[in-house]
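These notes concern the structure reproduced below.
The values are calculated or read from the model by the stated rules, or taken from the named source; none is laboratory data. In this text the structure is predicted, and so the values were computed from the model without any measurement. Using ideal geometry, Cβ is built from the backbone for each residue, glycine included, and neighbour counts are taken over all protein chains shown. Keep in mind that these areas ignore ligands, DNA and RNA; they rest on the heavy atoms of the full protein, side chains included. Shrake-Rupley method; radii C 1.70, N 1.55, O 1.52, S 1.80 Å.
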Amino acid sequence: MIRRLLALIKKEFLAIKNDKKSLVVVIVPPLIQVFIFAFAATLEVKHINLAVMDKDATPASLQLIQHLKASSYIETLKRVETKKEFETLIDREKILATIIIPQGFGKDLHFADAKIGIIFDGRHSNTAQIAEGYLTNIINNYATSLQQKELPIKLQSHFLYNQNLNNFWWIVPNLFGSVTMVVAMLLTSLSIARERELGTFDQVLVSPLRSHEILLGKLLPALFISTLESTLILFAAVFIFDVPFVGSLSMLYIGVVVFLFSMSGVGLLISSISNTQQQAILGSFVVLLPSFLISGFATPVENMPSWLQSFSALFPLKYYLVLIKGVFLKDISWEETIPLLLPMIGLGIVFMLIAMMFFRKRSR
């Protein structure tokens, strides 16, 4: 029995060794992912972008601003003059929060009755709570440096678009994008590889269909099923988890179709270069895991190093998550949607063209 078992184990090792493509997929991507994810998967909140509206403009308020600038957690601190100005920055996710220093701040410090308002972007509920703790410590350290018996500054925090920091309002829109991404990727990545493995793909090749028609025939069913899946998740989000939906339904579905098109392009590319379903599944895994971690699903993109933030631009999920949360929670305009749709359309076209190139090459 032991001899037979050892023979089988030897045979399996030889099979893995001879399958060069699977061997590369199993060994190389995990090593790269460990390096990348060490920077991406962090719950620390660094590189915070803030705005400050100083209505007091006294030495005391200027000293507080300098104290904030000196913090290693704060990346940028923009000066704003009006409410509309900082709300626009929050809407476009250029800043995480705005610090409002009211008129009379310097005078109230002497009576230990000064107040500071902080308005956070509640769409990033976990990040906002962590950043609130950091800012509280920074401002309390400044207050302590004044050498008064009691802390003279009281903080008043407000969270836009998610006042109660309901976790469902943050995680369910993220899942709305991520679950449908998995469905679209698996359906398309297995389509061509499955037929190659079953031996039916040659019958498709000898048909009158052209290469782009075959790929289109593989794309549209996956697109339809994934869109139907999105509809079911939408109903669950609104009627089960009570996530508010304040935006445009047509805008949502345009975003859904564009995103699923881009991810289906990735799936068809994987399927075009895979000989077996096992290779297709491994290839999907290589793409899906970075998509979850680098797109902002688990941790904010702003917390990552600048080189990794640039790399995240290659993942359609990054743009889709911003669009979904914008449509669900704040009724974003078409002007704000277009810069999110265009990168997904561009990436989808690029992936489809590369998939067609490999498909034609391997079909000859």
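General remarks:
- In the range 117-137, residue farthest from T88 (Cα to Cα) [restricted to those that are in contact with a helix residue (DSSP H, G or I) (Cβ under 9 Å, 6 or more places away or on another chain) and at pLDDT below 85]: N126
- L165 vs. criteria touching a strand residue (DSSP E or B) at 6+ places or on another chain (Cβ under 7 Å) and either at pLDDT below 80 or assigned by the TED database to the domain that holds L288 (or both): yes
- Considered as a group, the residues in the range 283-298 that are open to solvent by less than 20 Å² (accessible area, probe 1.4 Å) and under 8 Å from the mean Cα position of the chain (by Cα) include one that is modelled with the lowest pLDDT, and that residue is G296.
Matching residues to (1) open to solvent by less than 30 Å² (accessible area, probe 1.4 Å); (2) assigned to a helix (DSSP H, G or I); (3) in contact (Cβ under 8 Å) with a residue 40 or more places away in the chain:
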position: K78; (1), (2), (3): no, no, no
position: E81; (1), (2), (3): no, no, no
position: K84; (1), (2), (3): no, yes, no
position: E93; (1), (2), (3): no, no, yes
position: D108; (1), (2), (3): no, yes, yes
position: A112; (1), (2), (3): yes, no, yes
position: R123; (1), (2), (3): yes, no, yes
position: A131; (1), (2), (3): yes, yes, yes
position: N140; (1), (2), (3): no, yes, no
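- Residue count for the range 56-70, restricted to those that are touching a residue at least 40 places away in the same chain (Cβ under 8 Å) and either among the hydrophobic types (A, V, I, L, M, F, W, C) or surrounded by 18 or more Cβ atoms within 10 Å (Cβ to Cβ) (or both): 5
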